[in-house]
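Just below is one structure, and these are the notes that go with it.
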Amino acid sequence: MLNLVLLPPIVLYFFAAKWRLFGLLVPTYWVSEAVLALAEENVKFWGYWLGGTAYHLLCICCCFLDLTACFIKRFDRLSF
């Protein structure tokens, strides 16, 4: 499973910049682009860092809300 998570940023590294937009939905894309920008001493590092942080928080919130909804449904079935 680890290879499936790390594969998209590695593959997208070899594509042109306009094709890298397909990686925006992959969480590891943001980390890899931030590291590459930091290695090149590029100012875009902060954009990738802030964008990645916002994306990860959004994913966490969505997962939390989904799990909360599942627990509420389950609790409603158990209550009398």
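Assign unit charges at the C-beta atoms only (+1 for Lys and Arg, -1 for Asp and Glu), then state the dipole size of the chain relative to its Cα centre in Debye, rounded to the nearest 20. Present the calculation step by step, with values, prior to reporting the outcome.
On the way: 6 positive and 5 negative charges, 61 e Å.
Approximately 300 debye in magnitude.
On the protein heavy atoms, probe 1.4 angstrom, tell me the percent of accessible surface of the chain carried by carbon and sulfur.
Working: 5260 of 6870 Å².
That fraction is 77 percent.
Can you give me the accessible area per residue for the chain, using a 1.4 Å probe, in Å²? It would help to have the intermediate numbers written out before the result.
On the way: 6870 Å² over 80 residues.
Accessible surface, normalised per residue, equals 86 Å².
Multiplying the sequence separation of LEU25 and ASN42 by 0.36 nm and subtracting their Cα-Cα distance, what value in nm do you get?
Details: separation 17, 0.36 × 17 = 6.12 nm, distance 2.22 nm.
Once the chain is fully extended between LEU25 and ASN42, it gains 3.9 nm.
The values are calculated or read from the model by the stated rules, or taken from the named source; none is laboratory data. Since this is a predicted model, take the numbers as computed values, not measurements. Reconstructed Cβ throughout: ideal geometry from the backbone, glycine too, with neighbour counts over all protein chains shown. Keep in mind that these areas ignore ligands, DNA and RNA; they rest on the heavy atoms of the full protein, side chains included. Shrake-Rupley method; radii C 1.70, N 1.55, O 1.52, S 1.80 Å.
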